[in-house]
Each structure stands twice: as C-alpha cells, then as structure tokens.
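The values are calculated or read from the model by the stated rules, or taken from the named source; none is laboratory data. It should be emphasised that the depicted structure is a prediction, and the values quoted were computed from it without experimental measurement. For neighbour counting, all protein chains shown are included, and Cβ atoms are generated from backbone atoms with ideal geometry for every residue, glycine included.
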Amino acid sequence: MADVALRNISKRFGTVAAVRELSLSVNDGEFMVLLGPSGAGKTTTLRLITGLETPDSGSVMIDGRDVTLAPPGARDIAFVFQQYSLYPHLTVYDNLAFPLRSPARRISEPIIKKRVEQTAELLHIASKLNNRATRLSGGEMQRVAIGRALVRDPSIYLMDEPLSSLDAKLRAELRLELKRIQLELGATILYVTHDQVEAMTMASRIGVIKDGELLQLGKPREIYESPSSSYVASRLGTPQINFLPARLLSDVPLPPGTETVGIRTEHLRLAARNGGPMVGRVHRVEHLGEQNHVHLDYKGEMLVTLADPHQPLHAGQEVELDLVQPLCFDGAGQRLPA
Ligand code: ATP
C-alpha cells in the first residue's frame, strides 16, 4: 500500500471555505477516520485527494510523489461512496470484475476470476456471485460496492460514509468486517463519517474536523480522554459529555481560568446523601436494559450519568454527586491542563 499526505490544503467554493490549511498524513497500512458534522469539509477533502477537485493552495502527496495536479486516473486510488453505485443489470461477479476489465489494464480472464472470487470470499458474498445486483439486500449491495474497490488493489482506499445508508444492525456487522479486511490486507484507508461509533471502533487514528479545519488528530482513546477543546470532547461519547459552568463548582479545586467543566457520564457517580457538597435531584431515569441513564438537575443545569439498573433511583430523589477527572476548559473552549 502507500501513504498519503496533505500539506496545507485549502479549498473555497465562492464564499465558503470548505477546507482550510489542512495538513495530515495517513501512514501506510493505517485506518484513519475523519470525523465531523455535515458541511465540515470531509467529502471535499477526499475529492481533493482523488483529484476530482483541485486545491486553491497546498499539495497532495502519494507515496512521496506530488500529485496535486495529476489527473484522477493517474493516482491509483479507490473510492467507496455512501450510495452503492452498482450496475443493476449486471451480476455480482460482473460488478466485481468491472474495474479489472478496462482495456488499459489488460488483465486476463482467469486472473480476473481469481481476484473476484478472493474478494467475494473476503466479503462473505461468494454464494451471491451469480445474482443480479438488484436482487441483493442493502448490506450485500454495500459489500459489493466495497468489493469493487478491493479487487483493484489500489494504493489507498477513500471511503465516504459507506455504511450510513444501512440499518443499525448491518452497520455494526460491516464495521467489524471492514476492520477485519483492512487488517488482513494491510490496507491504507481514509474513511470519513459523522458517526462517532464508527470512528472509535475502526480508526487507528481519528481526525476531528469542523468548518474545514482539523481540530485534533490522535488515537481514539487519546481523543476521548484528552480532547483539546470542549468541541472535540462533545463529539465523542454517548450520552454526550456534560458541561457545567465552573462557577457552580465552587467546592471543587479547578485550574485558574476554568470557565467550563466537562464531565463524562462515567465520571459522575451518584450516592445517597451523606453531607457532601454537591447535591442534585433526579429528574428522570431511562432504563436501557444493561444500564440506566439518569438525568439530574444540579443548580438548574441538566446532567446525565450512568447507573447500575439495580441502584434504586426515582424521580425527585436527592442524590450526592461525586466527580472524577473533570475536564477543564477556558472561555474559548480550549482545554486547560489539570
Ligand atoms: P456531509 O457530511 O454533509 O457530506 P462534508 O463534511 O462532507 O458534509 P463537504 O461536502 O466537504 O462537507 O462540504 C463542505 C462545505 O463546502 C459545505 O459548506 C458545502 O456546502 C460546500 N461545498 C462542497 N462542495 C461544493 C460545491 N461544489 N460548490 C459549492 N459549495 C460546495
């Protein structure tokens, strides 16, 4: 496989700065996920790498080669889109073989057959090779679409929310499979999504992107445990991290300049009243089976935390709050060292 580097890439569309001074490198064999909300510039970043867009400034390097101005065909990249983009009238076999049959490639049919069969095995769709693409389930179609990228054996795979059109169960299944395939092939993947679970479960590194800017790049745990800003902290974790104005925590020692405190649900514990300084009132308990989400009111602010389903809690009850490892942010939302 290969590595890809973006150096200070910017791209505007009229007045919209879709990508701003973005630099990152995807290492050989890495699964990098760009995580960001709609309009963050994720698709534009991928299109700049494929050559479907040309940057206003900055450069795109593949394997150390400057390809900023090279046409898409010269870049050896495979792109998997959100929609399956299959040829409906062709069989699964022919859909998979299609990228290999271009006259320029001059690959013999026996080799094509071998590659198609290997890819189908890898994606667990070998029994569907003779089906027409339209006779497949959504999950199978998306596997074929991924397979069309895999058969080509390109230097890098770019994937634009390839699982977002699937239902939750299939998404969870294909998430595992994509990760397995990536490890098996040692593939270099740059994957974009707004789904934090996909980012946390598949990425070797996550880049958090907003308004065309890369805010933080690091291993999933690093980003989760040491977010650089309140925005990054809010992108990871379900239920979402709690934010409290620091003035409501006069009894907790905080670094100077702290304006907002971020408390992850697992760092907010509830206990019976025992004379401690922080007392909240249970507002609502949601039963999710293996755990409860407890919504509480603390000095007029709503907080959410997790509780064991066996812990007896009911609306209106007063509870004592115990904070572990609060994250501290300044007035601009930047993280302060603890
Ligand atoms: P989504 O998750 O919704 O696909 P995204 O993070 O992929 O969003 P982009 O599609 O890269 O975001 O768009 C970034 C910004 O650039 C948006 O404000 C979008 O409206 C704008 N934009 C993208 N492509 C064009 C274009 N061809 N012409 C004009 N504006 C564009």
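State yes or no: is Ala97 crowded, with 20+ Cβ neighbours inside 10 Å, touching a Lys or Arg at 6+ places or on another chain (Cβ under 9 Å), at pLDDT 90 or above and part of a loop (DSSP other than H, G, I, E, B)?
It is false that Ala97 is crowded, with 20+ Cβ neighbours inside 10 Å, touching a Lys or Arg at 6+ places or on another chain (Cβ under 9 Å), at pLDDT 90 or above and part of a loop (DSSP other than H, G, I, E, B).
Kindly indicate the residue of segment 171-200 that is over 23 Å from Asp63 (Cα atoms) and among the aliphatic types (A, V, I, L, M) and also surrounded by the fewest Cβ atoms within 10 Å (Cβ to Cβ) among those meeting that condition.
The extreme case among them is Leu176.
Could we say that Gly289 is of a type in the set (Gly, Ala, Ser), surrounded by fewer than 17 Cβ atoms within 10 Å (Cβ to Cβ), farther than 27 Å from His194 by Cβ and free of Cβ contacts under 8 Å to residues at least 40 places away in the same chain here?
Working: of a type in the set (Gly, Ala, Ser): yes; surrounded by fewer than 17 Cβ atoms within 10 Å (Cβ to Cβ): yes; farther than 27 Å from His194 by Cβ: no; free of Cβ contacts under 8 Å to residues at least 40 places away in the same chain: yes.
For Gly289, the condition - of a type in the set (Gly, Ala, Ser), surrounded by fewer than 17 Cβ atoms within 10 Å (Cβ to Cβ), farther than 27 Å from His194 by Cβ and free of Cβ contacts under 8 Å to residues at least 40 places away in the same chain - is not met.
Here is a check on your reading of the model: is Ser85 in contact with a helix residue (DSSP H, G or I) (Cβ under 9 Å, 6 or more places away or on another chain), small (Gly, Ala, Ser) and either closer than 17 Å to Pro154 by Cα or not in a helix (DSSP H, G or I) (or both)?
yes
Mind checking which residues of segment 31-43 are closer than 18 Å to Ile62 by Cβ and within 9 Å of the ligand (Cβ to nearest atom)?
If the condition is that a residue be closer than 18 Å to Ile62 by Cβ and within 9 Å of the ligand (Cβ to nearest atom), then Leu34 is the only one that fits.
Only one of Ser228, Ser204, Ser165 is over 22 Å from Val304 (Cβ atoms), at pLDDT below 90 and among the small types (Gly, Ala, Ser). Can you tell me which?
Answer to the selection: Ser165.
Within segment 201-219, is even one residue surrounded by fewer than 19 Cβ atoms within 10 Å (Cβ to Cβ), within 16 Å of the ligand (Cβ to nearest atom), in a loop (DSSP other than H, G, I, E, B) and of a type outside the set (A, V, I, L, M)?
Yes, there is a match, as at least one residue in segment 201-219 is surrounded by fewer than 19 Cβ atoms within 10 Å (Cβ to Cβ), within 16 Å of the ligand (Cβ to nearest atom), in a loop (DSSP other than H, G, I, E, B) and of a type outside the set (A, V, I, L, M).
Taking the criterion of being within 9 Å of the ligand (Cβ to nearest atom), among the aliphatic types (A, V, I, L, M), farther than 17 Å from Tyr191 by Cβ and free of Cβ contacts under 8 Å to residues at least 12 places away in the same chain, would at least one residue in segment 8-17 satisfy it?
yes
If a residue has to be among the charged types (D, E, K, R) and closer than 21 Å to Ser164 by Cβ to count, how many in segment 212-252 make the cut?
Final tally of qualifying residues: 1.
Within segment 1-58, which residues are in a strand (DSSP E or B), crowded, with 19+ Cβ neighbours inside 10 Å, at pLDDT 95 or above and not aromatic (Phe, Trp, Tyr)?
Residues satisfying the conditions are Leu6, Ile9, Lys11, Ala18, Val19, Leu22, Val26, Met32, Val33, Leu34, Leu35.
Please go through (1) within 22 Å of Val4 (Cα to Cα); (2) within 13 Å of the ligand (Cβ to nearest atom) for Asp195 and return the number of the only condition it doesn't satisfy.
It is condition (1) that Asp195 fails.
Do we find a residue being aliphatic (A, V, I, L, M), part of a strand (DSSP E or B) and in contact with a Ser or Thr (Cβ under 7 Å, 6 or more places away or on another chain) anywhere in segment 262-280?
Yes; the residues of segment 262-280 include at least one that is aliphatic (A, V, I, L, M), part of a strand (DSSP E or B) and in contact with a Ser or Thr (Cβ under 7 Å, 6 or more places away or on another chain).
If a residue must be β-branched (Val, Ile, Thr) and assigned to a strand (DSSP E or B), how many such residues does segment 220-261 contain?
Final tally of qualifying residues: 2.
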